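All remarks here apply to the structure that follows.
Since every read-out is calculated from the coordinates, none of them should be taken as a lab result. All figures in this text were calculated on a predicted structure; none of them were measured in a lab. No Cβ is skipped: glycine too gets one built from the backbone with ideal geometry, and neighbour counts run over all protein chains shown.
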Number of protein chains: 2
Amino acid sequence: MSTVERQAKIRMILVNTSHPGNIGGAARAMKNMGLTELYLVQPKEYPAPRAVWRAAGARDLLANARIVESVDEAIKGCGLVVGTSARERRIPWPLINPRECGMKIWQESEHHDIGLLFGREDRGLTNSELHKCHYHVHIPSNPEYSSLNLATAVQVLAYEIRMASLSDAEGVLPAMNDWDQPLATADELESFHEHLAETMEELKFYDPNNPKQLITRMRRLFNRTRMDKMEVSMLRGLLSATRRTRPK
Amino acid sequence: MSTVERQAKIRMILVNTSHPGNIGGAARAMKNMGLTELYLVQPKEYPAPRAVWRAAGARDLLANARIVESVDEAIKGCGLVVGTSARERRIPWPLINPRECGMKIWQESEHHDIGLLFGREDRGLTNSELHKCHYHVHIPSNPEYSSLNLATAVQVLAYEIRMASLSDAEGVLPAMNDWDQPLATADELESFHEHLAETMEELKFYDPNNPKQLITRMRRLFNRTRMDKMEVSMLRGLLSATRRTRPK
């Protein structure tokens with residue numbers, strides 16, 4: 001697969017962006033680094049002249065941007081989903097730094113589509129959005145002043161993807177191991193989590209009115225595993241078997 | 001010498017900047033990455049409200065910026081001078097990439113002051129300015145759209161200096177965050193697998209006389225995940241709930 005084809009499998013997904021200037025800045029940063037696929041989940045003010053102005057020579061990326069209604073729609077079909085996270089979470093998720101993120105995304109771009117999620121300027125991603133991710137990435141900013149501008153966060157991560165693509169071209173990165181099955185996509189994973197939650201509720205193992213951390217921990221467990229399609233259908237088969245045999 | 005002292009020896013020098021917004025954006029990017037010393041060589045329009053606005057929480061860097069008349073004045077006393085360069089020059093200079101630049105600057109910050117030069121938005125550094133440098137650094141942007149915004153160029157190079165400072169501090173790159181639970185032991189994992197196999201058999205989901213690859217795949221799935229103790233007991237709780245509710 002060519003470099004351009006791999007770049008086209010990497011979706012930069014801006015969630016609920018408030019300032020259209022940041023959308024333009026993100027588009028410019030992406031094009032500078034050779035990326036093309038911009039997704040906008042419910043942008044607050046868009047289209048907007050300020051986005052076009054800040055995009056400068058990257059207006060074509062804006063013109064081709066996909067505007068979608070939900071994160072689920074944006075990550076549909078993705079085999080790897082990474083979310084940017086500024087804060088420590090109560091339940092820590094597998095956390096990678098931007099360099100590891102660039103290498104991982106570039107390596108996997110040979111195999112499947114990838115979604116990289118960027119949150120709101122003021123509040124980042126919600127917990128439920130973060131829980132859809134396989135990994136979180138944190139840009140190691142100055143703890144005394146850590147609020148990165150959205151476009152510069154896109155810049156740093158796009159830069160690391162580009163650095164990985166260049167070292168890959170030179171044969172430096174080890175290739176990802178061959179797996180015997182294709183990885184499950186984000187939407188398949190989401191359906192599995194719904195199936196699991198319903199089953200746990202029916203078994204009275206999970207009380208939706210007193211969820212504690214059960215759902216979050218299940219999501220963390222099964223997302224970081226990077227399940228393949230067969231594994232997901234195996235587990236869903238097991239969940240269905242559970243429900244078939246439960247007392248009426 | 002402390003990290004803060006070393007950071008204070010690294011001068012980010014913006015030469016003849018046209019747009020004050022870029023000065024503010026550069027200040028913000030610097031502070032995000034822990035850098036403090038901003039030098040402005042004959043800025044075109046400064047001070048300016050737009051610079052303050054774009055600097056956001058990095059106004060202190062603007063207030064402390066040194067405004068000087070020449071590049072020579074800005075690099076006075078520096079033991080290492082690096083200039084950003086977009087173009088191939090007729091007479092090639094020692095050229096490093098941003099990663100090498102970050103490592104070199106951080107290493108040498110222990111010994112002497114360092115100047116990193118950023119040129120004009122439209123024309124970069126002049127040949128005579130570039131010839132004052134020990135090295136040139138090139139951000140490997142998309143050849144089809146290589147004009148990086150000034151503030152994002154500052155961001156990328158400041159980020160690489162920070163990554164170098166962190167790997168220096170830890171001996172390696174920032175490690176994965178501490179996990180909130182201890183990992184399950186091999187024997188706990190083994191008991192879980194037995195519990196899972198028994199449950200699958202009772203559910204008639206698994207036929208021990210015709211096992212196919214089910215057990216193997218379940219082992220591969222749950223072993224590669226590196227489960228923690230709480231996850232194992234959560235899953236075992238779920239398996240027990242399944243068995244409690246199955247028909248007699």
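Before moving on, here are some points about what is shown:
- Residues in the stretch B:126-153 that are more than 7 Å from chain A (Cβ to nearest Cβ), of a type outside the set (Val, Ile, Thr) and closer than 22 Å to residue B:104 by Cβ: B:129, B:130, B:131, B:132, B:133, B:134, B:135, B:136, B:138, B:150, B:153.
- Cβ separations smaller than 8 Å between residues 6+ apart or across chains give the following pairs from the stretch A:214-230 residues that are over 16 Å from residue A:80 (Cβ atoms) to residues that are in a helix (DSSP H, G or I) and polar (S, T, N, Q): A:216/A:127.
- If only residues of the stretch A:216-231 that are under 19 Å from the mean Cα position of the chain (by Cα) and among the hydrophobic types (A, V, I, L, M, F, W, C) are counted, the one that is nearest to the other protein chains (Cβ to nearest Cβ) is A:221.
- In the stretch A:199-213, the residues that are more than 8 Å from every other protein chain (Cβ to nearest Cβ), in contact (Cβ under 8 Å) with a residue 40 or more places away in the chain and in contact with a helix residue (DSSP H, G or I) (Cβ under 8 Å, 6 or more places away or on another chain): A:199, A:202
- Residue list for the stretch A:23-45, filter: of a type outside the set (Lys, Arg) and within 12 Å of chain B (Cβ to nearest Cβ): A:24, A:25, A:26, A:27, A:29, A:30, A:32, A:33, A:34, A:35, A:36
- Residues within the stretch B:176-194 that are away from chain A (no Cβ under 13 Å), surrounded by 11 or more Cβ atoms within 10 Å (Cβ to Cβ) and in a helix (DSSP H, G or I), tallied: 5
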